[in-house]
Every structure is written in C-alpha cells, then in structure tokens.
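Below is one structure, written out as structure tokens; the observations come after it.
The values are calculated or read from the model by the stated rules, or taken from the named source; none is laboratory data. Just so you know, these numbers come straight off a predicted model, no measurement behind them. Backbone-built Cβ (ideal geometry, glycine too); neighbour counts: all protein chains shown.
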Amino acid sequence: MEKKFSDILAEAKSRGLTDEEISRLPTVKRLARRSRHVSALILAGILLSLVAIGLEANYGLVDLPSLLSRTFGIELQKQPCLFDNIEPIADMMRPYVDCDICRNMTSIEIVYNVSEEEFTTRFAYTSRPVLIRNATSGWSAHRTFSFDYFRELYAPGSPALENTDRDCQFFPYRTSFENLGQVFDMSEERRTGVKGDPWYIGWSNCDSSVSNELRKHYSKPYFLGDTMETSKTDWIFMGSPGYGAHLHIDAVERPSWQAQIRGEKEWILEPPPECYFECPPRISTVMKPGDIIVVDTNRWFHETNVLGDEISITIGSEYD
Ligand SMILES: O=C(O)CCC(=O)C(=O)O
C-alpha cells in the first residue's frame, strides 16, 4: 500500500504537480483526515490506559488486575510491586495539595516530650512534618535490630524473602536487588561498606511470625493517642552511609511515623510544585537513634541520606 502510494506520488510529481497541489487533491485530503483520526484514537487509548493505571495505582478504583486477568490472562496479583514502581504515573494522578501543609514554614519543627493533645492538634492530621527527639525510651530494638538479626529472623521460604505475597513490598531504590533474599545474600564487604558499593533498601513486613517478634522490641509511639491506631504493617528501611532513598512521593493511604533505631539519616522534604510559590523549596533534618519523624509522604516529596559511618536502620508504620 505504502509502495503503491509513493509510486503514484512520484508519477504525479514527474507530471509537474507541486507538493501544494498534491496536498489539495480530495483523495489526499481524505487520507490525511483518516490518518489524523487513527492517531487521535491511539492517543486517546494510551491516555485512557494511563488514567486507569493511575487510578488503580493510587486509589484501587479500577480493578485493573482482574480486568487484565480476564481479558489477557495476565496475573497482576502475582506481581505485587508492578504499579509502585511507575512513579511518574503516580505523581501525575496524585490529588492536588492544600498548601497549608507548608505555608510560613522555614524548617522541620523539632519537639521534645510532645503531649498526645499537642501532637493530635498540631501535627497528626495537618501534614506538617515534625521530628520528636528521644521518643523511643524503653525500646529494646536499639540493642536488638541489626542486619544479622533480620537475616536470622526470616526463615527460608518466608514470603518476605521473595515477595511471593501481595502484601510484601520491596523497594530497591537505586540498587539492583530484586528482593530481600538477595539483600541478605550480599557479601560481607559490601554490607559493611568496605567495598565502596553503598546500598539502601526498604520493605514492608508481610510475615506474621516476624511481626510478632518485631513487636517485642518496639511499641506504638507514646504521642499517638488512644484512639489512633498504628497500621499492622511494619516498614523497615536499612542501608549503608552515603546512600538513601531518591526524591519521590508516595501513594499510600495514611501519614506515617518512622523511628531511627541505628545510625543517622538526613530527611529532605520538598513541597509539591503547586506550593512552590507559597512554601520553602526544601527543608531538612537529621534523625539520630531514638528520634521519630512524622511525615505525610503522600503530600511531601522526600529524599533520605544515611550519614556517619554506621548502617542506618529504621522501623515505622502508617497511622490513623
Ligand atoms: O526512610 C527512608 O529512607 C525513605 C522512606 C520512604 O521513602 C517512604 O516512607 O516512602
């Protein structure tokens, strides 16, 4: 078809017709209109797919996994992290942020001994980030949690090691690890940073026997009121100095707290673009063991860097 068309075009030109005259021929105009329609349909299809994926990624509104499973036999249920990694789409679909979360803010506020009442009224649901110093008194996590402790904790076959359960999430950040099992298999030199190949990862614990053990070593932060629940899923982030999470925004359900168990970590927060003219462009703080940070990671872009010379380990959870 394409060949025939270019032969006719060559013939028309050889008979002296100019490009302008050819483009005015009724048949050529019809063909051009049809091709514009096809392009518009393809574009609309792509846009609709992106919207559907975005809605599913952020709100679970479209049951994309079962749609794909019924139509094409693709089992997304068995690939739990597929959407979490499409960050540009999640960014595109996120709800518009009310800039009250950062208006007149110059830094991340640091508080000591915050009461439940103050925490609830000023920070819990306002999305204004806060660092609570010395907030983990009595937690045995500080002397228990380590790389080796976590490696021993997950028995062979645990769903957390290979992400075989939909509730298991693993974030490799900028490393090439595919799952927690591979992290625990890394060489001693790399783990301790001797090899100069820093690493940083995070995972949500999806192994109930591990949850029971972890909870012996930490408790619900003291400033979360009686009516506030911390979610059943623990999030652990661990990595070597010189690395951390790249700048991103989450699409989780609720705000979260995170306790620094070992090492030191810097948090850098940026308001979303719609607040650039009303809020500081960038604020940061450094967490030391015993500190808890509360950040609405759905509204603040966030990035972290492990400082000092010790591995950083944190544990946290969402709350409502
Ligand atoms: O703790 C970190 O280093 C990053 C945490 C994070 O990215 C998140 O909670 O979304």
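What the table below lists for this structure:
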quantity: Some residue of the stretch 225-232 being at pLDDT 95 or above and not small (G, A, S); calculated: no
quantity: Of the criteria (1) exposed (fewer than 15 other Cβ atoms within 10 Å of the Cβ); (2) over 21 Å from E270 (Cβ atoms), which one N104 fails; calculated: (2)
quantity: Check on T297, in contact (Cβ under 8 Å) with a residue 60 or more places away in the chain, of a type in the set (V, I, T) and within 16 Å of the ligand (Cβ to nearest atom); calculated: no
quantity: Failed item, numbered, when V286 is tested on (1) within 9 Å of the ligand (Cβ to nearest atom); (2) touching a Leu at 6+ places or on another chain (Cβ under 8 Å); (3) aliphatic (A, V, I, L, M); calculated: (1)
quantity: Cβ-Cβ under 6 Å pairs, at least 6 apart or on other chains, the stretch 193-204 side touching a residue at least 24 places away in the same chain (Cβ under 8 Å), far side near the ligand (Cβ under 10 Å from one of its atoms) and of a type in the set (G, A, S); calculated: W199/G239; Y200/G239; Y200/G244
quantity: Qualifying residue in the stretch 304-313 (condition: free of Cβ contacts under 8 Å to residues at least 60 places away in the same chain, surrounded by fewer than 20 Cβ atoms within 10 Å (Cβ to Cβ) and not assigned by TED's automatic domain parsing to the domain that holds P88); calculated: no
quantity: Filter pass, I268 being within 15 Å of the ligand (Cβ to nearest atom) and at pLDDT 95 or above; calculated: yes
quantity: Single unsatisfied condition, S256 versus (1) within 12 Å of the ligand (Cβ to nearest atom); (2) among the small types (G, A, S); (3) under 25 Å from S176 (Cβ atoms); calculated: (3)
